[in-house]
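A.B. asks: Before I ask anything, let me first share the structure, which is written out below as structure tokens.
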Amino acid sequence: MLTELQYNELDERYGKLLYKIAHWISGDLATATIEDNVQELWLALFETINTFTRLNADAYPEGYEDFKDTTHWNKYVKTALWNNKNSRGKKITQKFSITKDTVSTWNNEEVFEKETATHESVEFSMLLEDLPNFLQEKEALVVRMLVEDPNIIRESGEVNKSALARELGMTWAETNQLLETLGAKLQNEL
């Protein structure tokens with residue numbers, strides 16, 4: 001059983017990673033909500049702690065407190081979470097016959113009942129308003145540009161750094177460094 005302090009440590013270390021993976025599980029609200037995915041990943045994290053404790057009882061007799069700061073645990077938990085993502089994503093794909101980022105609406109009435117989240121949604125608008133509180137001015141500007149101008153993002157999902165550099169009036173290297181800094185602030189290191 002975890003204490004509140006241990007739970008808070010897990011949330012601080014892996015919370016952003018859980019949300020990132022949750023977004024990657026299905027990619028849209030028609031097949032699974034992000035909140036549902038996050039809850040499933042928290043359960044998977046708790047199961048991972050129990051499994052790791054059982055498998056490594058000799059090496060870490062005190063359990064979670066012994067292994068929580070080890071590289072072995074860090075790699076194990078990340079692998080377990082990504083494997084959970086792959087497993088859940090596969091089940092969703094089979095359930096809804098997803099092909100090339102689409103969901104058939106044929107005999108899937110629940111697809112019509114789901115909310116659609118866009119960059120214009122209230123939740124996302126609140127995030128954009130909050131950006132200056134934890135990002136520098138240029139970083140917040142980049143996030144806004146990426147959200148508002150889809151031409152800056154390639155079909156592969158990668159940022160077109162040259163186009164972004166032109167828009168910002170910066171060099172490619174400066175833009176690349178800015179994106180790396182921004183990426184580190186917005187997500188856990190993988």
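A.B. asks: Take the conditions at pLDDT 90 or above and surrounded by 14 or more Cβ atoms within 10 Å (Cβ to Cβ) and apply them to Leu18. Does it pass?
C.D. replies: So Leu18 does not fit the description; no.
A.B. asks: Moving to a separate point now. Go through (1) outside any helix (DSSP H, G or I); (2) out of contact with any helix residue (DSSP H, G or I) (no Cβ under 9 Å at 6 or more places or on another chain) for Lys75 and report which single condition fails.
C.D. replies: Only one criterion is unmet by Lys75, namely (1).
A.B. asks: Still on this structure, please answer the following. Kindly indicate which of Val103, Val122, Val111 is more than 22 Å from the chain's Cα centre (by Cα) and at pLDDT below 70.
C.D. replies: Result: Val111 is the single residue among Val103, Val122, Val111 that is more than 22 Å from the chain's Cα centre (by Cα) and at pLDDT below 70.
A.B. asks: Pairs please, first residue from segment 60-88 and more than 13 Å from Leu10 (Cβ to Cβ) and touching a residue at least 24 places away in the same chain (Cβ under 8 Å), second anywhere and surrounded by fewer than 18 Cβ atoms within 10 Å (Cβ to Cβ) and of a type in the set (A, V, I, L, M, F, W, C), Cβ atoms under 8 Å, 6+ apart in sequence or on different chains.
C.D. replies: Pairs found: Lys85/Trp24.
A.B. asks: In segment 130-190, which helices (runs of 4 or more DSSP H) lie fully inside it and hold 3 or more residues that are more than 17 Å from the chain's Cα centre (by Cα), within 21 Å of Ala22 (Cα to Cα) and modelled with pLDDT of 90 or more?
C.D. replies: none
A.B. asks: Keeping to segment 161-186, report how many residues are surrounded by 14 or more Cβ atoms within 10 Å (Cβ to Cβ) and of a type in the set (S, T, N, Q).
C.D. replies: 3
The values are calculated or read from the model by the stated rules, or taken from the named source; none is laboratory data. Just so it is clear, the model here is predicted, and its values are computed rather than measured. Virtual Cβ from ideal backbone geometry, glycine too; neighbours counted across all protein chains shown.
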